[in-house]
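K.L.:
Dropping a structure here in structure tokens format, bear with me for questions.
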Amino acid sequence: MKYISGGLFILFFVILLYLLIHIWLEGRRERTNPHEITGETLPEELREAALRPLKFLKAYYEKRDPEQADACMDETMLTDNMLILGTNPNEIFHGREEARHLLQGDWRYWGQLTLDTEQTALFRAGSALYFVLRGIIRLDRFIFRLPIRITGTLEEQAGMWYISKLQFINNVNSNYVVGCWIAVLVMIISLLLFGLSWLF
């Protein structure tokens, strides 16, 4: 029993390392040579007008000043109908107050977000535009960078485009993450079995 449980631990430890290296390599490849998302061809004037709020959002995320949250929302968002989905399952923000809470929290704690607004893919969705925007988040507590994808909806109001919906997505392969969970679970079980085999 000792040898079987010890062998299982070593095997799944190697599998875990393999999966973690693959997550890192895919994230690195997505940062340096991202998969292309081709949007619709829009008139240049429309494209530039639609990118305005995203460029302002990028500038505010680079400043990271929590006192500027209201100014950011005024320049970039339709806050009455705003919906923001963060990268964590419990991050669901509606309206102005919750959007302010997200922005201030991101700028205080999340890390340095860099957005590639020039490569934004835009798609018509009725009178609105759907956008896909890539970026990189450098986490403060770790010397660690993750590719991120931001999607959402732009709506025109009084001749200006604003963000009305926003979703932040960690751009990593979730299949590898699930594989890591399984590997860690098997490692824990094999360690328990190894400990029990020594006791009995």
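K.L.:
Under 1.5 on a/c is rounded, so check that first for the stretch 13-138, then, if it is not, pick prolate when a/b is larger than b/c and oblate when it is not; a ≥ b ≥ c are the square roots of the alpha carbon gyration tensor eigenvalues.
P.N.:
Values: a/c = 1.99, a/b = 1.26, b/c = 1.58.
Oblate.
K.L.:
Highest GNM mean-square fluctuation, the chain, Cα pairs closer than 10 Å: which of 182, 23, 163?
P.N.:
Sorting by GNM fluctuation, first place goes to 182.
K.L.:
Still on this structure: Could you work out what % of the accessible surface of the stretch 47-173 is carbon and sulfur, using a 1.4 angstrom probe and leaving DNA, RNA and ligands out of the count? Walk me through the intermediate numbers first.
P.N.:
On the way: 3080 of 6370 Å².
Using a 1.4 Å probe with all protein chains present, the stretch 47-173 comes out at 48 percent carbon and sulfur.
K.L.:
Accessible area per residue for the stretch 71-123 in Å², computed with a 1.4 Å probe and the full protein assembly in place, what is it? Walk me through the numbers on the way to the answer.
P.N.:
Working: 2590 Å² over 53 residues.
On a per-residue basis, the stretch 71-123 sits at 49 Å².
K.L.:
Apply the Karplus parameterisation 6.51 cos²θ - 1.76 cosθ + 1.60, with θ equal to phi minus 60°, to every residue of the stretch 11-20 and state each ³J(HN,Hα) to the nearest whole Hz, in sequence, with x for glycine and proline.
P.N.:
Per-residue couplings from phi come out as 4, 6, 5, 5, 4, 4, 4, 4, 5, 5 Hz.
K.L.:
Can you list, bin by bin at 5 Å, the percent of alpha carbon pairs in the stretch 79-163, starting at 0?
P.N.:
3, 12, 18, 24, 22, 13, 5, 2, 0
K.L.:
In nm, to one decimal, how far is the modelled label at residue 15 from the one at residue 118, with both set 7 Å along Cα→Cβ?
P.N.:
4.5 nm
K.L.:
Under a GNM of the chain (C-alpha, springs under 10 Å), which listed residue has the highest mean-square fluctuation: 85, 102, 46?
P.N.:
The residue that fluctuates most here is 46.
K.L.:
Kindly identify the stretch 56-200 as rounded, prolate or oblate by the Cα gyration tensor criterion: order the square roots of the eigenvalues as a ≥ b ≥ c, call it rounded if a/c is under 1.5, otherwise compare a/b with b/c, prolate if a/b is larger, else oblate.
P.N.:
On the way: a/c = 2.68, a/b = 2.26, b/c = 1.19.
Note, shape of the stretch 56-200 comes out prolate.
K.L.:
A follow-up question, please. Who wins for biggest fluctuation among 24, 181, 161 in a Gaussian network model of the chain, springs between alpha carbons below 10 Å?
P.N.:
181
K.L.:
So what is the relative contact order of the chain, in percent, for Cα pairs below 8 Å that sit 6 or more residues apart? Write out the running numbers ahead of the final one.
P.N.:
Working: 314 pairs, mean separation 58.5, N = 200.
Across the chain, relative contact order equals 29 percent.
The values are calculated or read from the model by the stated rules, or taken from the named source; none is laboratory data. Computed from a prediction, not measured in an experiment: that's the story for all the values here. Neighbour counts run over all protein chains shown; Cβ positions are idealised from the backbone, glycine included. What goes into the accessible areas is simple: the full protein's heavy atoms, side chains included, and nothing from ligands, DNA or RNA. Shrake-Rupley method; radii C 1.70, N 1.55, O 1.52, S 1.80 Å.
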